[in-house]
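To keep things clear, I will list the structure first and then write my remarks on it.
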Amino acid sequence: MSLERQDTAASTQGQVLGIQKAIALQEEERIYVASQWQLMRWRFKKHKMAIVGGCVLIVFYVLAIFCEFFAPYDPLKFDPKLIFMPPQTIRFRDDNGLHWPPFVYGIEQQIDPVSFRRTYVLDPEKKYAVKLFARGDPYKMWGMLGGDIHLIGTEGNAGPLHLLGTDRMGRDILSRLITGARISLSIGLVGVFVSLILGILIGGFSGYYGGVFDTVAQRLIEFLRSVPRIPLWMALSAAVPPFWSPIKVYFGITIVLSVIGWTGMARVVRSKFLALREEDFVMAARLAGSGEFRIVTRHMVPSFLSHIIASVTLSIPGMILGETSLSFLGVGLRPPVVSWGVMLKEAQELSAVALSPWLLIPGVAIVLAVLCFNFLGDGLRDAADPYAR
Amino acid sequence: MLQYVIRRFLLMIPTLFIISIVSFVVIQLPPGDFLTTYIASVAEEDGMVDQALVDALRHRYGLDQPQYVRYLKWMGRLLQGEWGQSLEWDRPVKELIGSRIGLTFVISLTTLMMGWLIAFPVGIFSAVKQYSAGDYMFTALSFIGVGTPNFLLALVFMYAIFKLFDYNTAGLFSVEYQEAPWNMAKVLDLLKHLWVPVLILGTGGTAGLIRTMRANLLDELHKPYVVTARSKGLKENRLTLKYPVRVALNPFVSTVGWALPGLISGTTIVSIVLGLPTTGPLLLRALQSQDMYLAGSFLLLLSMLTVIGTFLSDILLAWLDPRIRLTG
């Protein structure tokens, strides 16, 4: 515990040992009197990767919520003069040394007359200052708040600022990435929410009452889990009518993803119900005259809520990957909706990727988001059972 | 054992039944039936549609009958080995599907084997040398493997190979063998191309298997029977391989059941990226053009084969672990 202390006060070793004992005892008492949530918090804090993952995800979601402000451009704005432009760098020094404010050079498109390949040449004569809170494309945040202030940009879009390059229509990749986060990250949450409701209802019923309902539900779950999910998802989402509005398609795809998603949830809920049904405290509540509803909501749900939260977190990545895969294949969300999968669809052709590898950047975002959810979920799962080991 | 196999087999039948219903529902899901799509496209080309032909087709596919009759007829024809006609390709579905289903399974099973061959020793190593540098490295790798979607891996891989070796990895056969009948040279050519999808698919699956193996073995390694064996002077290598590894193997085998659907899924999407002649691209095409008989048959076959694969892995598991046949 406090080994350093032992070194410095070696003369009164006995006393030190006594203090150590007292500290240890205090620690132990702290554990004894801590509430379950406190124990969970301590356990969770030990999981460094989970904390890092959680923080990264918070950043991601903040970006997604205020994407209109954080994106330097309108994600749908195209520019035929800036097609497949490589990422630009913000410069802090020019030939005369340090330069403030930071700036980007102007850029000139040149088309090779033989191969028609586009190359971009820096124009050192033109310098555009990069500003925080610069005015740029007008937007309506959440379809309500109008504005034209962007976190970063060249004032009034004076010069090009494409920090992650542009795509085949000259649209800014960074802006699309941030805007796409809103769809790609929210579809995981909405999908998990739908799965959770289905899972709790079906899993709860089959765990609490058992019998025929349980048998049928178990068969169904087993079936859904044994079907290869991508083909099933593909078939279901191909059935989403092409004339639907983007918002309807969004919910259609969410429901398609939840068709398989709820099974995992239902299994967790069911097994917890089965285990808790026999617990003494449930029996005690029953003997004390609590009604079924009260027993379930007041005694059983709180004791497995943490497990549910953990498994919810762990099933979000599957949803995100599902949406991305479907949109990538062209049967999920469709342009003009911007999502990470829709963006990656542009990278499907080897010829496009070979010449403009920055098209793969949305993939990095996906991997990062999925990893963070996995870490966070792992931490939460450990924390959900603070008494283990 | 026989009793277990029979019980498990009987349980499989309702599952297969549900699969057929789901596939049928999926066929029916899109608005309009496939004939309206077909008629629309014919009308666009020729300007005229022969009403008698439409009625004949409608009757031929039983579209004038109620749903359950259509389902029963479809099933009946399937059982007789008649899979219907693909509208888009104007060829029997069976002909289109045959070789593709075969290749899908060749890829999936090869991946499964390779996954085992890698995951097994790596998992044991990670567990025995827990918290060593190697363990951390494999853990990090497997986390990335789990977090990367297969299609993204395929894209990155294609890009990397193309940049490094100026070599396009798409396809399963060299041009000269594409239409050739099967012979030894073609099989060799297949093997030459097979490693790309297998490697891509394997990364995700293998990562999961390594985690499972490591966790299982870690649970076993500190049990009293291991300590007893060690105190009796058994050599460490022999000790690990003979007892805890064997016990840790059980949950490992049981994951095959879950791994198979995942692999088939993965093959579908990776094939689309790499342009492999497996079920993936054709299924996507069929779904997009509402060629629903073809799509439905694909869905049915893939699901059926997966269920059968799961059944086989369950039997394998029961053979390995007597406790399962008595309680499961």
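The values are calculated or read from the model by the stated rules, or taken from the named source; none is laboratory data. Everything quoted here is computed from the prediction, not taken from an experiment. Positions of Cβ are generated from backbone atoms using ideal geometry, with glycine treated the same way; all protein chains shown enter the neighbour counts.
Some points to look at:
- Check on A:L161, part of a helix (DSSP H, G or I), within 23 Å of A:F78 (Cα to Cα) and aliphatic (A, V, I, L, M): no
- Unique residue being closer than 27 Å to B:L263 by Cβ, more than 14 Å from chain A (Cβ to nearest Cβ) and modelled with pLDDT of 75 or more when the list is B:I200, B:I210: B:I210
- Subset of region A:221-239 that is of a type in the set (A, V, I, L, M, F, W, C) and in contact (Cβ under 8 Å) with a residue 40 or more places away in the chain - its residue that is farthest from the other protein chains (Cβ to nearest Cβ): A:I221
- Comparison of B:L320, B:L305 shows that the only residue that is within 10 Å of another protein chain (Cβ to nearest Cβ), surrounded by fewer than 24 Cβ atoms within 10 Å (Cβ to Cβ) and at pLDDT below 80 is B:L305.
Here's the yes/no breakdown for (1) more than 24 Å from the chain's Cα centre (by Cα); (2) farther than 30 Å from A:A275 by Cα; (3) surrounded by fewer than 22 Cβ atoms within 10 Å (Cβ to Cβ):
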position	(1), (2), (3)
A:S195	no, no, no
A:G207	yes, no, no
A:F251	no, yes, yes
A:V256	no, yes, no
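- Selected residue [within 28 Å of B:I19 (Cα to Cα) and free of Cβ contacts under 8 Å to residues at least 40 places away in the same chain] from B:L294, B:L300, B:L305, B:L283: B:L283
- Qualifying residue in region B:252-259 (condition: within 26 Å of B:V146 (Cα to Cα), assigned to a helix (DSSP H, G or I), of a type in the set (S, T, N, Q) and without any contact (Cβ under 8 Å) to a residue 60 or more places away in the chain): yes
- Number of residues in region A:15-59 that are modelled with pLDDT of 80 or more and touching a helix residue (DSSP H, G or I) at 6+ places or on another chain (Cβ under 6 Å) equals 6.
- Residue within region A:200-223 that is under 19 Å from B:S265 (Cβ atoms) and of a type in the set (S, T, Y) present: no
- Taken together, the residues in region A:126-144 that are surrounded by 10 or more Cβ atoms within 10 Å (Cβ to Cβ) and farther than 17 Å from A:P75 by Cα amount to 8.
- The residues of region A:165-219 that are closer than 29 Å to A:L368 by Cα and among the small types (G, A, S), listed by number, are A:G165, A:G170, A:S175, A:G180, A:A181, A:S184, A:S186, A:G188, A:G191, A:S195, A:G199.
- Listed by first and then second residue, the pairs linking a residue in region B:133-153 that is over 25 Å from A:A347 (Cβ atoms) to a residue that is loosely packed, with under 15 Cβ neighbours inside 10 Å, with Cβ atoms under 6 Å apart and 6 or more places separating them unless they lie on different chains, are B:D135/B:K129.
- Failed condition for A:S303, given (1) assigned to a helix (DSSP H, G or I); (2) more than 14 Å from chain B (Cβ to nearest Cβ); (3) under 23 Å from B:L287 (Cβ atoms); (4) touching a residue at least 12 places away in the same chain (Cβ under 8 Å): (3)
- Segments classed as strands (runs of 3 or more DSSP E), wholly inside region A:44-148, with at least 1 members that are small (G, A, S) and more than 32 Å from the chain's Cα centre (by Cα): A:97-111, A:118-141
- Answer residue from region B:280-295, given it is more than 8 Å from every other protein chain (Cβ to nearest Cβ) and assigned to a helix (DSSP H, G or I) and is farthest from A:L350 (Cα to Cα) among those: B:Y293
- Hey, A:L329 within 10 Å of another protein chain (Cβ to nearest Cβ), touching a residue at least 60 places away in the same chain (Cβ under 8 Å) and buried (at least 24 other Cβ atoms within 10 Å of the Cβ) or not: yes
- Members of region A:338-358 found to be under 20 Å from the mean Cα position of the chain (by Cα), hydrophobic (A, V, I, L, M, F, W, C) and more than 9 Å from every other protein chain (Cβ to nearest Cβ), listed by number: A:V338, A:W340, A:V342, A:M343
- Residue match in region B:27-50 (condition: under 27 Å from the mean Cα position of the chain (by Cα), at pLDDT below 75, surrounded by 13 or more Cβ atoms within 10 Å (Cβ to Cβ) and part of a helix (DSSP H, G or I)): yes
- Residues that are at pLDDT 75 or above and farther than 30 Å from A:V367 by Cα are absent from region B:123-137.
- Verdict on A:P336 being in contact (Cβ under 8 Å) with a residue 40 or more places away in the chain and buried (at least 21 other Cβ atoms within 10 Å of the Cβ): no
- Candidates A:V342, A:V364, A:V331: the one that is assigned to a loop (DSSP other than H, G, I, E, B) and modelled with pLDDT of 80 or more is A:V331.
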